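The values are calculated or read from the model by the stated rules, or taken from the named source; none is laboratory data. Here the structure is a predicted model, which means the values were calculated and not measured. Positions of Cβ are generated from backbone atoms using ideal geometry, with glycine treated the same way; all protein chains shown enter the neighbour counts. These accessible areas exclude ligands, DNA and RNA; they are computed on the full protein's heavy atoms, side chains included. Shrake-Rupley method; radii C 1.70, N 1.55, O 1.52, S 1.80 Å.
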Amino acid sequence: MLINRRSYKKEIALQNDVFWGIKIEAEGLDDTYHNYNLISDNYSGHADSTLSETVWLHKLDISLNGKHIDNYPLEERLKPVSIKETDIIPLSFSGFHGFEKIPELKTQNVIAIGESVHGSESVFNSAAQIIKYQVLNNNCKLVCLEMMAEKMFVVNRFIQGDKTVTPEFIRNYLLETCGSLNSLLSPSKLNELCLWLRDYNKTATEQVWLLGMDFEYISECRRKAMSCYFKTVNNSLKSADIEDIITLMSKTVREIQRNDFVNIRELWDKGKFQLSPFLGSQEFAMIERSMNEIINQEIPLDIKKVVFRDSIMAANFLYYQNLICNDNDKSLVYAHFLHTEYADLSYGIPMGQYLRQQFGANYFHIAVTVGSGEICSSFSISPDTLQTPVNNSIEDVLSRQKEDYCYLSANKIAGSYVKRRFSGLMPEKNQFPYGYISPADRMGGVIFIRNSKATDFPKLQ
């Protein structure tokens, strides 16, 4: 197919600008069929101009006064971020002091906690504080974590009072679950939170739910998690059909055959009628949803599915929220900043963008970041030391304040542009890899912790 390649040049004034946006529109001659011949290794045919097409910008050169734009570092043109002492809300790990001064915790329906780094026990402690505060003060009935949905079903049974799920079992289960490559939550601190939620639910009129909204594209992991859940439930139910489901679901990816899924479907269609009254309508609905996905293999072993991870997390949260929460109930999500922020063009469409579209300003994102100290990342033998905050980063700005633990509303630095720290499951040498952001476009506020203690996996305290 012949392609008409053209260069386009336009001169505009850039001296006083910090950020630029470029919009590209492609307009066809009309909606008629154009008979372009396409030939490739696997296909020969025609192109239809009525179908959606994509246009890429291959190269963009920008010069200023005859010099390439790279010769004008952005830092030299940024205005220093100015924060008043009165802009800072001091917080304390010994209580809830300061949270009452964050009005959105009370007024917004969905609170998102976005951690800038995985593997920080200090960050988790802050998130746990907000969770407890919301449960005690703001009618929060649903908490969703960045963990595989099926793995959290048995944890939720524990916090909702299933006596067959003992504290010792859940303690060891969390150690195994959180100490994997797929999660860097502190198992000991998550265990403490589960115990706290279990105690709260004992006397609560309405139960709090603790669920996972993430997914695992390797179906064996989902099956094993559901097997563990069914073993727990069947301790009370004593169903032969459920026992047979457990046996089949426990097979490894090498052992399981296509016909096994047919047998699981038949057993599930019989066994679910025993489960439904035992679990209650809400829990049964989410279990049936996961089972249908697993049996139908709706998320196949395909690495490309990871691209859609955030849309799946958003869909899972929305499903649980619609199932569990009434109009006046609050809910909370806790995940990495890249998932919870309002938008991110470098990453793709984050979960937070989907939820912002759904809830508008009622979705409120609080980032939690750290200035110095250590974190734990996958494949690390020992904790990793955090990189010193770079100039013009939100961590750099807040490190210059006197408070060791505090909150700053993004509105207080509206119009400013900063970098922010990033570290995921893998160790990152450069923890400030992304460009400048406008904080108010990504979050409603930020919690700063001066020193981070790394998550400790070897044993539960």
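Being among the polar types (S, T, N, Q) and part of a helix (DSSP H, G or I) is the filter; apply it to the range 351-376 and report the residue that is surrounded by the most Cβ atoms within 10 Å (Cβ to Cβ). Before the answer, list the steps.
At the first step, the residues of the range 351-376 found to be among the polar types (S, T, N, Q) are 353, 357-358, 362, 369, 372.
Add one more test, that the residue is part of a helix (DSSP H, G or I), and what stays is 353, 357-358, 362.
Numbers: Gln353: 21, Gln357: 12, Gln358: 14, Asn362: 15.
Residue satisfying both the conditions and the ranking: Gln353.
Residue by residue, here is whether (1) surrounded by 17 or more Cβ atoms within 10 Å (Cβ to Cβ); (2) not in a loop (DSSP other than H, G, I, E, B) holds:
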{"residue": "Tyr200", "(1), (2)": "no, yes"}
{"residue": "Glu216", "(1), (2)": "yes, no"}
{"residue": "Lys231", "(1), (2)": "no, yes"}
{"residue": "Thr247", "(1), (2)": "no, yes"}
{"residue": "Val253", "(1), (2)": "no, no"}
{"residue": "Val262", "(1), (2)": "no, yes"}
{"residue": "Leu267", "(1), (2)": "yes, yes"}
{"residue": "Met286", "(1), (2)": "yes, yes"}
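Would you point out the residue of the range 148-194, among those that are farther than 23 Å from Ile287 by Cα and among the hydroxyl-bearing types (Ser, Thr, Tyr), that is modelled with the lowest pLDDT? It comes out as Ser180. Being of a type in the set (Ser, Thr, Tyr) and under 24 Å from the mean Cα position of the chain (by Cα), is that true of even one residue in the range 192-210? For the range 192-210, residues of a type in the set (Ser, Thr, Tyr) and under 24 Å from the mean Cα position of the chain (by Cα): absent.
Among the conditions (1) polar (S, T, N, Q); (2) surrounded by 11 or more Cβ atoms within 10 Å (Cβ to Cβ); (3) within 17 Å of Arg222 (Cβ to Cβ), the only one that Gln274 does not satisfy is (3). Taking each residue of the range 237-255 that is of a type in the set (D, E, K, R) and looking for partners that are outside any loop (DSSP other than H, G, I, E, B) with beta-carbon atoms closer than 7 Å, six or more apart or interchain, yields Asp241/Leu267; Asp241/Lys270; Asp241/Gly271; Glu243/Asn234; Asp244/Leu267; Lys251/Asp260. Only strands (runs of 3 or more DSSP E) whose full extent lies in the range 85-190 are considered here, and the ones with at least 1 residues that are more than 30 Å from Met291 (Cα to Cα) and either open to solvent by 10 Å² or more (accessible area, probe 1.4 Å) or not hydrophobic (A, V, I, L, M, F, W, C) (or both) are 88-90, 110-115.
In the range 410-429, the residues that are over 17 Å from Ser399 (Cβ atoms) and open to solvent by less than 60 Å² (accessible area, probe 1.4 Å) never reach a residue that is modelled with pLDDT of 90 or more and among the polar types (S, T, N, Q) with C-beta atoms less than 6 angstrom apart, at least six apart or across chains. With the structure loaded, tell me whether Asn322 is modelled with pLDDT of 95 or more, open to solvent by 50 Å² or more (accessible area, probe 1.4 Å) and either farther than 26 Å from Phe124 by Cβ or of a type in the set (Val, Ile, Thr) (or both) or whether it fails that test. Against the criterion (modelled with pLDDT of 95 or more, open to solvent by 50 Å² or more (accessible area, probe 1.4 Å) and either farther than 26 Å from Phe124 by Cβ or of a type in the set (Val, Ile, Thr) (or both)), Asn322 qualifies. Step by step: first the residues of the range 334-350, then only those that are hydrophobic (A, V, I, L, M, F, W, C) and outside any helix (DSSP H, G or I), then the one that is surrounded by the most Cβ atoms within 10 Å (Cβ to Cβ). Which residue is that? Step by step, filter the range 334-350, then rank; the result is Ala335.
Among the residues of the range 394-412, those identified as touching a Pro at 6+ places or on another chain (Cβ under 8 Å) and more than 19 Å from Ile113 (Cα to Cα) are Asp396, Ser399, Glu403. Does the range 325-333 include one or more residues that are assigned to a helix (DSSP H, G or I) and either more than 20 Å from Val208 (Cα to Cα) or open to solvent by 20 Å² or more (accessible area, probe 1.4 Å) (or both)? Taking every residue of the range 325-333 in turn, none turns out to be assigned to a helix (DSSP H, G or I) and either more than 20 Å from Val208 (Cα to Cα) or open to solvent by 20 Å² or more (accessible area, probe 1.4 Å) (or both). For Asp441, the criteria (1) acidic (Asp, Glu); (2) crowded, with 16+ Cβ neighbours inside 10 Å; (3) closer than 25 Å to Tyr342 by Cα hold in every case but one, which is (2).
Among the residues of the range 62-105, how many are farther than 24 Å from Ile437 by Cβ and at pLDDT below 90? Result for the range 62-105: 4.
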